[in-house]
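Chemist: This is the structure, below, for whatever I ask next.
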Amino acid sequence: MILPLAHLTPTGLGPWGDGMARLVLEPTDLLLVIGLVLLGVQARQPCRERLPVLLPLAWLLSGLIGLALLSPLLLALPCTALVAVVGLLVALEVRLRPLVLLPLAAVLSGLFALVAGSALAGHSGALAALLGETVAIAVVSTLLCQSLAPPHPRWRAIGLRVAGSWITAASLLMLGWLARHPQ
């Protein structure tokens, strides 16, 4: 039995558009992508150039695995905690080497996509929704990486750290909400 997409907000644009909108409407996914891109920008050129390719690719591959799962993975609490850690790394301006950052970004993106894919499993239009979200991640990560590329004045480093602190604060607020209202 194929179910309607219960985990997507209908946008009127079909499953593809609903998947694209899911990135914006799912705060942990969006904050993860932004946080990983900010880490890549802080780490300099090799990471900044590779992340717009790596994030959507890892998302798509893990999302396809998630679509094959029989039951949804309920990992909201640990995923939100991981976003808080990514935001904290950005806020503290921890410059990870590419050999650390790129695998970390692939694993985190893959984990979140596995959860997203498992939530969509068995629904009609799930593959189109996953593809739409993957395209949205590619667009967001590319635009952020290109717009934050050097040369920028010193205020950019401060702005990145402030954005990291906001990501951490938002994640901590979501953790409190999830602890109070478990799924």
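Chemist: If you go through the range 101-146, how many residues are hydroxyl-bearing (Ser, Thr, Tyr) and open to solvent by 30 Å² or more (accessible area, probe 1.4 Å)?
Modeler: Number satisfying all stated conditions: 2.
Chemist: Follow-up. Between a first residue in the range 127-145 that is in contact (Cβ under 8 Å) with a residue 12 or more places away in the chain and a second residue that is of a type in the set (Lys, Arg), which pairs have beta carbons less than 9 Å apart while being 6 or more apart in sequence or on different chains?
Modeler: Qualifying pairs under 9 Å: Ala129/Arg22; Gly132/Arg22; Glu133/Arg22; Ala136/Arg22; Cys145/Arg48.
Chemist: Here's a follow-up. What's the total number of residues in the range 38-80 that are closer than 23 Å to Leu144 by Cα and open to solvent by 30 Å² or more (accessible area, probe 1.4 Å)?
Modeler: Counting residues in the range 38-80 that are closer than 23 Å to Leu144 by Cα and open to solvent by 30 Å² or more (accessible area, probe 1.4 Å) gives 11.
Chemist: Moving on. Can you tell me how many residues within the range 44-73 are farther than 14 Å from Val33 by Cβ and aliphatic (A, V, I, L, M)?
Modeler: Here the count works out to 8.
Chemist: For residues that are modelled with pLDDT under 90 and of a type in the set (A, V, I, L, M), tally how many sit in the range 98-125.
Modeler: Number satisfying all stated conditions: 3.
Chemist: If you go through the range 21-47 one residue at a time, how many are outside any helix (DSSP H, G or I) and either over 15 Å from Pro98 (Cβ atoms) or touching a strand residue (DSSP E or B) at 6+ places or on another chain (Cβ under 9 Å) (or both)?
Modeler: 1
The values are calculated or read from the model by the stated rules, or taken from the named source; none is laboratory data. Nothing here was measured: the structure is a model prediction, and the numbers come from that model. Backbone-built Cβ (ideal geometry, glycine too); neighbour counts: all protein chains shown. The protein model used for the area step is the full one, side chains on, heavy atoms only, and it has no ligands, DNA or RNA in it. Shrake-Rupley method; radii C 1.70, N 1.55, O 1.52, S 1.80 Å.
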